[in-house]
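The values are calculated or read from the model by the stated rules, or taken from the named source; none is laboratory data. Because the structure is a prediction, the values reported are computed rather than measured. Note that each Cβ is placed from the backbone with ideal geometry, even for glycine, and that neighbours are counted across all protein chains shown. Heads up: the accessible areas ignore ligands, DNA and RNA and are worked out on the full protein's heavy atoms, side chains in. Shrake-Rupley method; radii C 1.70, N 1.55, O 1.52, S 1.80 Å.
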Amino acid sequence: IQNCIEHGGVPNLAVTIATHYDAVLHKTTVTIADNGVGVPADLLETNEQGVKRILLESVSTKTFSNQHSGYGCYIAHEIAAQRCGWEFDMENAPGGGSRATFIIPHEVEGRGL
């Protein structure tokens, strides 16, 4: 949400948060999207491990020097994927703006995750 606000770059920025539970796949999808300028294409390129640049430590879209720049998406990715076992992705939305997506698997009795 903070990244949407800080990087949206348009007047009348709208931030949308949505959730959807898939009972068949036992997963919840949480999306946080905005109608801003989106993520620069070079930050959506993946490295040899398949991780987008925007999700790497110290990579920022901020144009000014700030000691705390470049950790928002990295921390979200690290906590979601590495610590919680969720999926996390950043992308540009088809109609403009950016979208962060969390996919959260749910344990099913007798089946695990």
All positions within segment 20-43 that are surrounded by fewer than 12 Cβ atoms within 10 Å (Cβ to Cβ), among the aliphatic types (A, V, I, L, M) and under 17 Å from residue 89 (Cα atoms): 41
When segment 62-106 is examined, which residues are found to be within 19 Å of residue 39 (Cα to Cα), at pLDDT 90 or above and among the β-branched types (Val, Ile, Thr)? 101
Only one residue in 5, 17, 54 is open to solvent by 70 Å² or more (accessible area, probe 1.4 Å) and in a helix (DSSP H, G or I), so which one is that? 5
Taking the condition in a loop (DSSP other than H, G, I, E, B), modelled with pLDDT of 85 or more and more than 25 Å from residue 106 (Cα to Cα), does residue 37 pass? yes
